[in-house]
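Enquirer: Dumping the structure here so I can ask a few things about it.
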Amino acid sequence: AAHTDMELMSSMMQKVTLLEQKIEEQAQEIQLKDRRIAELEEKMKAIQKGEDAPDSSTAEELEIRCLQLQTQVWEMEQFLNDYGLIWVGERHEQLEDLESLNDKEEWPARTLWKPGEAVVSKHQIDFDLILENVKDLNVLAGEGISQIEHTPGGARLRQPEPLPLTLYQNGMVMFNGPFRPYEDPSTQQCLQDIMDGYFPSELQMRYPDGIPLQVTDRRDVVFRERDLPGSFPGHGQVVGHSKSNEVQETTKIPGPKLSVEQFLNKLSKSSKHGEAISVRDSARAAQQGSDGVRSSKEILMETPRLSALERVKTAEEAEGSAPDICTLRIKSESGEQTYIIKMLFTETIGDLRQHLAHARGGDSDSYEIISTFPQRVYTDNSRSLQECGLIPNVSLLLRRRDPSQQEGTGLQTA
């Protein structure tokens, strides 16, 4: 019995020891959880404080955004000020109505910009308004007021030349061409600018101070494009369409007709210094040949070597060793004569000058032999035609030699 009591006592002591250890572990776990709960409560308090007052990073982002919007508003006001406009804003009632709409789809259609609304259609063109606004714009552009024009020898007074603008029933013509139909967006924008009382925006880069407009009202005339080659030559019939005698048709662009000399002078002003001479000579020759009055006269020249080779040409062709012959078409300085010369590939520029001197007479050094494309001057008399690339068929020009322009002509020599 004593042994049994000792065993029970020892088992009880072990169980009590295990319970004490378990209680101690649970007490430690409760302490850890209490600390975790305290940390979470601190974080919750910090989050609640952050909602009431934004942190420094959020405030900095808002300040940067505010500065960007202020700069954007200032730039927009400067842009409007350049055109003499002032932003007046919307009425408070409209702003309150817009703020009450949360969904963008519920916005009224009149507050949304749509592509094409800023472009006037053909049926919205007010020609009378255009004519009235042009008068006001011409006054602002200095119509009838002489301006000082600086010349190489001093200065002179000159009135600005008006820009011609012709209004047709189906389009308009500016700068004496080309024809611009009213369906073209650029034409609609140009007329819309004038109707709004502004100078056309497409001319602001070229005429920053404005230029008077000389408007020709031809609304009763239909401008018809020139027929393309191969188009139907007859007149079609349309059901329910009646011809009107009040409407005329024209294909001519208004404006004075330029003479040959005026055209060449204007061409030389727009060309570079090195290209003006050759361009003018080529244009003069082409113009004189297309007028029908001063057409180019072709002169076929026979060279001594070619005449000698003609006698043995048949035999050499039979053997398959016919000589290489090139054909040169050379137009004179005035463009009135065209020399057709057949020469061998091995003959030189000097031989060509001798043939021209024999046919033309005079000094062979009084002119230059040039090609139009590529632009090149052939001055080396010892080079052969094959070396100069004048084979097999080439067109050349003769130009009077000017000692003052031998340097800096901008042409490549060969």
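Enquirer: Please work out which residue is most open to solvent (accessible area, probe 1.4 Å), limiting yourself to the range 134-187 and to residues that are of a type in the set (Phe, Trp, Tyr) and in a loop (DSSP other than H, G, I, E, B).
Expert: In this case the residue turns out to be 175.
Enquirer: Of all residues in the range 345-375, which are within 16 Å of residue 300 (Cα to Cα) and either modelled with pLDDT under 80 or touching a helix residue (DSSP H, G or I) at 6+ places or on another chain (Cβ under 6 Å) (or both)?
Expert: The answer is 361, and nothing else.
Enquirer: Quick check on my filter: what residues within the range 132-182 are among the aliphatic types (A, V, I, L, M) and under 31 Å from the mean Cα position of the chain (by Cα)?
Expert: Those that are among the aliphatic types (A, V, I, L, M) and under 31 Å from the mean Cα position of the chain (by Cα): 134, 137, 139, 140, 141, 163, 165, 167, 172, 173, 174.
Enquirer: For residues in the range 188-229 being open to solvent by 80 Å² or more (accessible area, probe 1.4 Å) and within 20 Å of the chain's Cα centre (by Cα), which is modelled with the lowest pLDDT?
Expert: 208
Enquirer: Across the range 82-107, which residue is modelled with the highest pLDDT among those that are under 33 Å from the mean Cα position of the chain (by Cα) and open to solvent by less than 100 Å² (accessible area, probe 1.4 Å)?
Expert: Applying the filter and picking the extreme gives 85.
The values are calculated or read from the model by the stated rules, or taken from the named source; none is laboratory data. Note that the structure is a prediction, hence the values are computed from the model and not measured. Reconstructed Cβ throughout: ideal geometry from the backbone, glycine too, with neighbour counts over all protein chains shown. SASA here: full protein model, heavy atoms, side chains in, ligands and nucleic acids out. Shrake-Rupley method; radii C 1.70, N 1.55, O 1.52, S 1.80 Å.
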